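Undergrad: First the structure, which I've put down as structure tokens, then a few questions once you've had a look.
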Amino acid sequence: MSLHAILVPKWGLAMEEGTIAKWQVEQGAEIKSGMEIVDIETSKIANVLEATVSGTLRALTADEGEVKRVGNLIAVVSDADEDDAAIEAFIAEYKEREALEAANIVAAPEPETIEAGGKRVRFMKVASAAEDAETPLIMLHGFGGDHANWMFNQADLAQVRDTYAVDLLGHGGSSKDVGDGTLDTLADTILAWADAVGLDTFHIAGHSMGSAVAQVVALKAPDKVKSLALLCPPAFGEALNHEYIEGFVSAQRRKAIQPFVEMLFADSALVTREMLDDLIAAKRVDGANDALQKIADNALSDAALADLRSKASGVTAPALAVFGEKDQIVTGRNIGGFGGKVETLPNSGHMPHLESAAAVNALVADFLAG
């Protein structure tokens, strides 16, 4: 085999660097494609990097605790008998390239804010580089999140279409005036925003509460919505974990919110201090926590979700539902009225787009390609 570089991945639009937390393999080890080889921490989340090739891990070029920029070389894989001089030359070439790239860093896209339906709406657009871009994709986060929840997905899904990750009312940089806090109100704002940015037709990917909003948008504007990709949709679960919702809303400090955030993931080690600090900071924005409480009471009540479930057959757009097998928030399945495709990811909890990003991206991309 030829020499193969293992690089710091770009896990999200805002990621610029990562800290090598722990090597799970030693230099000289035989590795297989798909094997977990190194834990990397970012300012948002801890994650594990899997090998994409099989071979001998000939060189580790980053120590544990070292901070490396996205795209930097951290290891080299080759045949066991590859000449050492070739390995050294390969590393030197990468180091030279990294120095040049460091001098020409391009800033990541920044979120935009507009007025829509009388409300402030913040969103992140990633434009496709494709000459003939396909129907755009709107991405709606879950309860307590914002557009950055799609950090591992948005750029990947923008390869052939423009993508728009939107902060729902009451969340992120959008207005904290949520009206009655119902799914109807959240959906009306998304439709007003889509009109404001000139989107006549679109696909929607929604996570958790965002999938419920997506369903209502599809019911209100069937001519505009081309398909729905629903991640952990609460309308199609047996139950929504209200202990989580109540705990998330009531928590005012990092230690108080931590056990509830850990419920989101199959592996609680993915929860970082920075993630918790960001969530607490967002909740402390004037009006934010009151908005979350109103949404919890009205958009995520059992009655609201049962009503949405009863209208499932009214959604005419093709649909995909992706569940995490270890989900502690949307538990069980109640998909009798769902006529779309269903996938379950075995190693994911309630955050499959973060926990199993590559798998989710592939499922959604294939679904959208039709």
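Throughout, read-outs are computed from the coordinates displayed, never taken from laboratory work. Values in this document were obtained by computation on a predicted structure and should not be read as measured data. Cβ placement follows ideal geometry from the backbone for every residue including glycine, while neighbour counts extend to all protein chains displayed.
Undergrad: Given the peptides 52-60, 248-256, arrange them by the average over their residues of other C-beta atoms within 10 Å, most packed first.
TA: Details: 52-60: 17.9, 248-256: 14.7.
Ranked from most to least packed, the peptides come out as 52-60, 248-256.
Undergrad: Moving to a separate point now. With respect to the cross-link table entries LYS10/LYS44; LYS176/LYS224; LYS294/LYS326; LYS68/LYS255; LYS119/LYS224, which display a Cα-Cα separation exceeding 18 Å?
TA: Values: LYS10/LYS44 12 Å; LYS176/LYS224 26 Å; LYS294/LYS326 28 Å; LYS68/LYS255 29 Å; LYS119/LYS224 21 Å.
Pairs exceeding 18 Å: LYS176/LYS224; LYS294/LYS326; LYS68/LYS255; LYS119/LYS224.
Undergrad: Okay, next question. Could you list the square roots of 5 times each eigenvalue of the Cα gyration tensor of the chain, that is, the equivalent ellipsoid semi-axes, sorted largest first and rounded to whole Å?
TA: Values: eigenvalues 287, 94, 84 Å².
So the three semi-axes of the chain are 38, 22, 20 Å.
Undergrad: Something else about it: At 7 Å along Cα-to-Cβ for each site, give me the label-to-label distance between ILE114 and VAL48 in nm.
TA: Label at ILE114, label at VAL48, 4.2 nm between them.
Undergrad: Determine the principal axes of the Cα atoms in region 4-102, then give the extent along each, sorted from largest to smallest and rounded to whole angstroms.
TA: The principal-axis extents, from largest down, are 39, 31, 20 Å.
Undergrad: On to the next question. Straight-line reach from LYS226: which lysines have Cα under 16 Å away, leaving out those fewer than 8 places along the same chain?
TA: By straight Cα distance, LYS226 reaches LYS341.
Undergrad: Where does the charge balance sit around LEU320 when Lys and Arg score +1, Asp and Glu -1, over other residues with C-beta under 11 Å from its C-beta? Could the numbers behind the result be given before it?
TA: Numbers: positive: LYS341; negative: GLU343, ASP366.
Combined, the nearby Lys, Arg, Asp and Glu give -1.
Undergrad: Let me ask something additional. Can you bin region 242-356 into rounded, prolate or oblate? Criterion: square roots of the alpha carbon gyration tensor eigenvalues sorted a ≥ b ≥ c, rounded for a/c under 1.5, prolate for a/b above b/c, oblate for the rest. Working shown, then result.
TA: Working: a/c = 2.48, a/b = 1.41, b/c = 1.76.
In terms of gyration-tensor shape, oblate.
Undergrad: Continuing with this model, one more query. Within a 10 angstrom radius of the beta carbon, how do ILE37, ILE91, ILE295 rank from fewest other beta carbons to most?
TA: Details: ILE37 22, ILE91 18, ILE295 26.
Least crowded to most crowded, the residues run ILE91, ILE37, ILE295.
Undergrad: I'd like the distance between the alpha-carbon centres of region 277-291 and region 323-362, rounded to an integer number of Å.
TA: Using only Cα atoms to place each centre, the spacing works out to 27 Å.
Undergrad: Could you rank the peptides 296-305, 144-153, 194-203 by their average count of other C-beta atoms within 10 Å per residue, with the highest value first?
TA: Numbers: 296-305: 18.2, 144-153: 24.2, 194-203: 16.1.
The densest-packed peptide leads the list: 144-153, 296-305, 194-203.
Undergrad: Using helices alone, I'd like the mean residue ellipticity at 222 nm for the chain: each DSSP H run of four-plus residues gives -39500 (n - 2.57), total over residue count, nearest 500. Mind dumping the intermediate values first?
TA: Numbers: 11 runs with 115 residues, N = 370.
Computed ellipticity for the chain at 222 nm equals -9500 deg cm²/dmol.
Undergrad: So, one more: With a cut-off of 8 Å between alpha carbons and a minimum separation of six or more residues, what is the relative contact order of region 112-369 in percent?
TA: On the way: 517 pairs, mean separation 52.1, N = 258.
Result for region 112-369 is 20 percent.
Undergrad: Once region 200-298 is represented by equal point scatterers at the alpha-carbon sites, with solvent omitted, what log10 I(q)/I(0) does the Debye formula produce at q = 0.13 Å⁻¹?
TA: Taken in order of the listed q values, log10 I(q)/I(0) reads -0.58.
Undergrad: Under a cut-off of 20 Å between alpha-carbon atoms, report the aspartates and glutamates in cross-link reach of LYS32, not counting same-chain residues fewer than 8 places apart.
TA: The reachable aspartates and glutamates, counting only those whose Cα sits under 20 Å from LYS32, are GLU50, ASP79, ASP81, GLU82.
Undergrad: Let me ask something additional. What do you get for the angle between helix 209-220 and the principal long axis of the chain? Use alpha-carbon atoms, 0 to 90 degrees, nearest ten.
TA: Helix 209-220 sits roughly 50 degrees off the main axis of the chain.
Undergrad: Convert each backbone phi in region 191-202 into a coupling constant with the Karplus relation 6.51 cos²θ - 1.76 cosθ + 1.60 (shift: θ = phi - 60°), then list the ³J(HN,Hα) values in order as whole Hz, x for Gly and Pro.
TA: My calculation for region 191-202 gives 5, 5, 5, 4, 5, 5, 9, x, 9, 7, 9, 6 Hz in order.
Undergrad: Between beta-carbons, use under 9 Å as the cut-off and find the net charge around SER54, counting Lys and Arg +1, Asp and Glu -1. Kindly include the intermediate steps, with their values, before the conclusion.
TA: Working: positive: LYS32; negative: GLU30.
The answer is 0.
Undergrad: Can you tell me the relative contact order of region 4-102? Whole percent, Cα pairs under 8 Å, sequence separation 6 or more. Spell out each step's value before the answer.
TA: Values: 196 pairs, mean separation 30.8, N = 99.
Worked out over region 4-102, it gives 31 percent.
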